[in-house]
Each structure stands twice: as structure tokens, then as C-alpha cells.
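Okay, so here's the structure we're looking at.
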Amino acid sequence: MEILCVGLSHHTAGVDLREKFAIPDGEIAAAAAALSHAPGVSEAVIVSTCNRVEFYLAAEQTAEGFAAIHQFSAARAAAAPEGDAFFRLPTAGTVRHLFRVVSGLDSMVLGETEILGQVKKAYAAASGGGATSRHLNKLFQRAFNVAKEVRTKTNITRGAVSVGSVAVELAEKIFGRLSHCKVMILGAGETAELTAGALHSRGVQSIFVANRSYDRAAALAEKMNGKAIHFDEWQRDFHDVDILIGSTSAPHHVLTAAQLAPIMHARPDRPLFCIDLAVPRDIDPGVAKLDGVYLYAMDELQEFADHSMNTRRQEVVVCEQMIERHATSFLEWLAGGWSGNGGRLPGNAPEGAK
């Protein structure tokens, strides 16, 4: 059995390409199930976040597996996963790559913790939809053990460890103290909550949350002592907002230059700092052409994050050694080396694979 991965990430592609292949959370389970039934494929997990889209599968033959991902992605995105932006990993490379991803070593913000929750969510969706079985169950459960060990036994998570926290640090460089700033967040998912928490911890007192589900907006706003807004009414409270965070899962722009232009015209002396954490992007890049509007999307945040990595980079060698040990152990199990141990990996309790 071969375990394969095809994908693209912030390392290989800009946000304009990543958003073409992104899959909304609500469609992940069905997409993984469909891929798992492709010819020659027995299991599949799809990870789609703001920084990566990755297809993991178990297949009898490498060529069949890669062909299945190619056909599936081309049909869904109306574009084939070709070119240098896409990586194609064989079994050993896939195992090591996944272990690095969940440990935060492949993230835009080195050591960030959000990706672990995102991969767990993707795996749960695939597993719940019947898209995984023995091999991917074992691989992903092992990966979660690796991530736990890396985070508890090293200092890789020291400092700002999420995209949201990097965005907040950037806002501080522009505004100084944030306690006087008014913030509006479009979206109420995990990234929005982490960003809101980072803002709140830096002294922001006025946070507005707008979301398609008003109940979710209200729940997040309550945690931050903020105010929930019905999504279609966000413009009513926008006149004195200083910082706008876009973090929805919408497949299209939710804020356009045409919408924002009259608002900015009515507040000529008040700049607006926009942070777009969504993929596909929430905010039309054209808003950056408006007077007083400063827009930062994922690509710009990566440039900023690259300047604050020294402490965590020193821990990478230790993390890589842990990952290599676990990868070697898993690959030996996959090759049948642990058949005498009841199919279990050394040092682990039974993992409940199907």
C-alpha cells in the first residue's frame, strides 16, 4: 500500500493560486469520500486551510494514486494540479511531510498551533464520512502524537504562534497601542476567534463580530466583551472602525472596492487597516487603491512573519530529530515490520483504527 500526498502551500504558491483549489469546510467530508472512491484509491483525507491545500490518500499503486488526485482536482477546480506550485510526495515523503505540518514546522508562522486543530478537523471529517481506514487512521493518529511530543518537549511554540497573532503584531507596529482601536471581524470561525483573542489580550476594548450565523457571532462577541452584528448590516457600524479582519469561508469577496469607497469618502481623515486571513480572499485587492486603506493579505503577512522566527528556528533541529524517529517507526510498521506487535507502533496504545 502506498500513502501519497499532492498539494500546494504558501511555500510554493501565492494566495491567488491557492484560492482556486481551496475547498470550503462544509464540502471537505464529501470531497474526501469522493476521492476515496476513485479508481485505485482506498482512503483519502483533504486538508484545506488559508495556507495550504493537500490531498492525502492510500492507493495500491503510486501512478494510480497521483492520477486520481489529478483528475479529481482538475474536475473540481476546473484547473489541473500541475506546475512547480504543486508537490507530489511518495510514501516516505508524505509521512515526514504530514508530521512536519501538524508540528507547525511547515507553517507560515513557525511553530503555530492552529494547523494541528485544522488537520484534526479535516481528518475527523474524512473519517466520519467513511473515507479513511487502517492506513490513514494509523498515519494521522500517529501524526497527532508526534505534534503533541514536539510541542511539549521543545520551545517551538514560544512567542507569536498563529497567523492571527502575527496580524495583531503588525497592527501594533502601525497603530502603536491598540486599546483605542475599534475592530471589526468578518467571520466567527477558529481563525477569527484566535485573532479576536490576540486583539483582546493586547487591550482592544471595542470588537464587532459579523457572521452569516448570528448565533456564532454572538458567542464570539460575548467571549471578547464585543458586539455581534448581523452580517448584512456590518456597514452600519463601520464608520469609525480602525481595523478590519476578513476571516470568513465565503467563496467570493465579501468586501469590494465599490462598497468601501463611499464609506472611506465619508471619513477622509481616518485610515483603515485591513487584514485578509481568508482563502479565497474576503477582501477585494482593489480596496488597496482607495485613499486611506492599507491592505495586508496572507502573502504580505508571511513577509512580516519571516522577521520574527529566530527563537523558534533554534528548536527546529530537535523537532526534526523527533519527527525522523517517528517517521522511521511508522514506515517500518507500514512495511510489515511491526506485525509481531499486534499491528501497533512501539510505545503507543492501540489507536482505534477501523
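May I ask you to derive the relative contact order of the chain, considering only C-alpha pairs under 8 Å and at least 6 residues apart, and to give it as an integer percent?
For the chain, the relative contact order is 17 percent.
Could you check how much of the accessible area of the chain is carbon and sulfur, as a whole percent, using a 1.4 Å probe?
Exposed carbon and sulfur together represent 50 percent of the surface.
For residue 42, what accessible surface area do you get with a 1.4 Å probe? Give it in Å², rounded to 10.
Only protein atoms counted, so the area is about 60 Å².
In Å and on Cα atoms, what radius of gyration and Dmax does the chain show?
21.3, 73
So what's segment 1-128 giving for Cα Rg divided by 2.2 N^0.38 Å, two decimals?
0.95
Give me the number: length gained by fully extending residue 62 to residue 270, i.e. 0.36 nm times residue separation minus the C-alpha to C-alpha distance, one decimal in nm.
69.2 nm
Thinking of segment 154-283 as a set of Cα atoms, what percent of all their pairs are more than 27 Å apart?
Within segment 154-283, distances greater than 27 Å cover 13 percent of Cα pairs.
So if each residue of separation counts as 0.36 nm, and I subtract the Cα-Cα distance between residue 27 and residue 144, what length gain in nm does that give?
Extending this stretch completely gives an extra 39.8 nm.
So if we plug the beta-carbon distance of residue 121 and residue 179 into 1/(1 + (r/R0)^6) with R0 = 30 Å, what FRET efficiency do we get, rounded to 0.05?
Efficiency for this residue pair is about 0.35.
Listed highest first by mean packing, meaning other Cβ atoms within 10 Å per residue, what order do 216-228, 51-63 come in?
51-63, 216-228
Hey, can you find the accessible area per residue of the chain for me, probe 1.4 Å, expressed in square angstrom?
That works out to 42 Å² for each residue.
Using Cα-Cα distances under 8 Å and only pairs 6 or more residues apart, what relative contact order does segment 73-147 have, in percent?
Reported relative contact order: 26 percent.
Below 29 Å Cα-Cα, how many Lys pairs turn up in the chain? Only count pairs eight or more apart in sequence, or on different chains, if you could.
Counting lysine pairs in the chain gives 26.
Any chance you could give the angle, 0 to 90 degrees and rounded to 10, that helix 163-175 forms with the longest Cα principal axis of the chain?
For 163-175 against the chain, the angle is about 30 degrees.
Calculate the tail of P(r) for segment 138-227: the fraction of all Cα-Cα distances greater than 16 Å, expressed in %.
Here the tail beyond 16 Å accounts for 60 percent of pairs.
Quick one: the Cα spread of segment 70-226 along its three principal axes, in angstroms, biggest first?
Result for segment 70-226: principal-axis Cα extents of 52, 38, 32 Å.
Provide the FRET efficiency to the nearest 0.05 for the residue 134-residue 232 pair, computing r from the beta carbons and using R0 = 30 Å.
That gives a FRET efficiency of 0.05.
Give, as a single signed number, the net charge of other residues whose beta carbon lies under 9 Å from the beta carbon of residue 106, with Lys and Arg counted +1 and Asp and Glu -1.
Local net charge: +2.
At 4 °C and 1.567 mPa s, what whole-number value in µm²/s does Stokes-Einstein give for the translational diffusion of segment 75-124, with Rh from the Kirkwood sum over Cα pairs?
Translational diffusion coefficient: 103 µm²/s.
Could you state the orientation-averaged shadow area of the convex hull built on the Cα atoms of segment 11-79, in nm² to one decimal?
4.5
Two decimals, Cα atoms only, Kirkwood Rh: what is Rg/Rh over segment 197-268?
0.96
Once you put a point 7 Å from the Cα of residue 92 and another 7 Å from the Cα of residue 263, both along the Cβ direction, what distance in nm separates them?
About 5.3 nm separates the two model spin labels.
Taking 7 Å along the Cα-to-C-beta vector as the label spot, tell me the residue 331-residue 153 distance in nanometres, rounded to one decimal.
For residue 331 paired with residue 153, the spin-label model returns 1.9 nm.
For the chain, give me the percentage of DSSP beta bridges that are antiparallel, rounded to the nearest 5 percent.
The antiparallel proportion sits near 45 percent.
The values are calculated or read from the model by the stated rules, or taken from the named source; none is laboratory data. Treat the numbers as computed from the prediction; the structure is a model and nothing was measured. A quick note on method: Cβ atoms are made from the backbone with ideal geometry, for glycine too, and the neighbour counts reach across all protein chains shown. These area figures cover heavy atoms from the full protein model, side chains too; ligands, DNA and RNA do not enter into them. Shrake-Rupley method; radii C 1.70, N 1.55, O 1.52, S 1.80 Å.
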